[in-house]
Amino acid sequence: MNAPDTLKQAGGLDIERLRSDFPILKLQVKGKPLVYLDNAASSQMPRQVLDRWVRYQTTEHSNIHRAVHYLSEKATAEYEVARKKVQAFINAKEDREVIFTSGTTEAINLVAHGYGRKFIGRDDEIVLTTLEHHSNIVPWQMVAEEKGAKIRVVPINDRGELIVEDYLKLLGPRTKIVCVGHVSNALGTVNPVREMIEAAHAKGIPVLLDGAQAAPHLQVDVQALDCDFYAFSGHKMFGPTGIGILYGKAEWLEKMQPYKGSGDMILSVTFEKTTYAPIPAKFEAGTPPIAAAITLGAAVDYIHSIGLSRIHSRETELLDYATDRVNRLPGVRIIGTAEKKAAVLSFVVDGVHPHDVGTLLNEEGVAVRTGHHCTQPVMQRFGIPATSRASFAFYNTHAEVDVLVAGIQKVQKVFG
Ligand SMILES: Cc1ncc(COP(=O)(O)O)c(C=O)c1O
């Protein structure tokens, strides 16, 4: 199977033209063309998105919400336009349900503190899954420790899929929240979140979805999912670092305590008492990452210009091709073979530490991530210290997959 990137095979996308939007993809590394397969960690920014950042900084920048002069009003308006773009992107009912954070990590911490501290008590239970990124484990452990609550964990099978029957058994009268990744960053598993949310809601339990690995790849509709919270990061969806989103149902956000205090999040302050601003301002203390938020709006526009369904089919095609090619390599094992997967291919090469795999692939210009991917419980489940992970974006090509495969074969020769 050798698949050139013809228009037809690329799901109607003109990949060469789209690649030309991304200046960084022209880089040479070690004298070879860069093959960027680390998109699950951070994707690259197209010129259209970079241009938005420059336009903001050169013609619109000032602090928001604080003045009546032209630039402050312009920056405020553009910041709120970006919020509306994100609202439409995830189909939130209201724009005040969209909170700008610094990333998924901050979004989850916000819920852990704002919801957890208020609604979780001694002997209550927090349901997580084996697949979670550390950022959806550690904040909950902190709450559990402080409150005397317990963490319950949904196991996975050998393919890296959640065992739903076990999940259902974990939901009980003491369960105060379910926190689950929409898509696993280590294995690519797409979790049955709709079904999981329905089961939790039947018992009155709210659900937080970590959408860091879903938002760039799948159509996310928070109303159809009916999740209570949804967290994701700008830098994984062709936007900048330092910006992320917490979606929360207004009814929850209104009940929650802010966990950062400052200007911008208050209605009035006296030394006796402070009253908080309505949502979303209540959770956006201090000067927010204005440029990054506006630029994230441009990343949303860019994704729309291609279409998430076309992005998804393109990435599925790349993943299938890569899976087939890597499966044919003797001595290489794919970790994570779920029936429903997003664009992640984790693998181990017999007798070679993933760190060495990554280092030698780098010599070929290939960027993969090696390590535990902030999912040590997943590695423990598979009895391995680490994997090498190739993760795809729509701009990757079949030829790049071929370079990856040739690189793995070279690694095997060196260590053979
Ligand atoms: C599934 C998942 N959750 C959370 C995070 C944390 O995202 P950030 O570092 O942007 O806050 C990541 C980042 O890799 C992730 O893949």
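The values are calculated or read from the model by the stated rules, or taken from the named source; none is laboratory data. None of these values were measured; they are calculated from a predicted model. All Cβ positions, glycine included, derive from the backbone under ideal geometry; neighbour counts span all protein chains shown. Keep in mind that these areas ignore ligands, DNA and RNA; they rest on the heavy atoms of the full protein, side chains included. Shrake-Rupley method; radii C 1.70, N 1.55, O 1.52, S 1.80 Å.
Suppose we filter the stretch 109-129 for residues that are within 13 Å of the ligand (Cβ to nearest atom) and outside any helix (DSSP H, G or I); how many remain?
2
Kindly evaluate residue 210 against the criterion of being in contact with a Ser or Thr (Cβ under 8 Å, 6 or more places away or on another chain), of a type in the set (Asp, Glu), surrounded by 15 or more Cβ atoms within 10 Å (Cβ to Cβ) and more than 23 Å from residue 133 (Cα to Cα).
The answer is no for residue 210.
Does the stretch 283-326 hold any residues that are small (Gly, Ala, Ser) and either free of Cβ contacts under 8 Å to residues at least 12 places away in the same chain or under 27 Å from residue 86 (Cβ atoms) (or both), and which are they?
285, 286, 291, 292, 293, 297, 298, 299, 305, 307, 309, 313
Here are 137, 120, 99, 64: which of them is in contact (Cβ under 8 Å) with a residue 24 or more places away in the chain and either under 24 Å from residue 221 (Cβ atoms) or open to solvent by 70 Å² or more (accessible area, probe 1.4 Å) (or both)?
99
One line per residue, one yes/no per condition, for (1) within 24 Å of residue 373 (Cα to Cα); (2) within 11 Å of the ligand (Cβ to nearest atom); (3) at pLDDT 95 or above; (4) of a type outside the set (D, E, K, R):
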site	(1), (2), (3), (4)
163	yes, no, yes, yes
166	no, no, yes, no
172	no, no, yes, yes
179	yes, yes, yes, yes
186	yes, yes, yes, yes
204	no, no, yes, yes
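Having 1 or more residues that are touching a residue at least 12 places away in the same chain (Cβ under 8 Å) and either open to solvent by less than 10 Å² (accessible area, probe 1.4 Å) or in contact with a Phe, Trp or Tyr (Cβ under 9 Å, 6 or more places away or on another chain) (or both) is the bar; report the strands (runs of 3 or more DSSP E) wholly within the stretch 327-374 that clear it.
On the way: elements: 332-335, 344-349, 369-371.
In the stretch 327-374, the matching strands (runs of 3 or more DSSP E) lie at 332-335, 344-349.
May I ask you to say which residue of 105, 59 is touching a helix residue (DSSP H, G or I) at 6+ places or on another chain (Cβ under 9 Å), open to solvent by 30 Å² or more (accessible area, probe 1.4 Å) and within 16 Å of the ligand (Cβ to nearest atom)?
105
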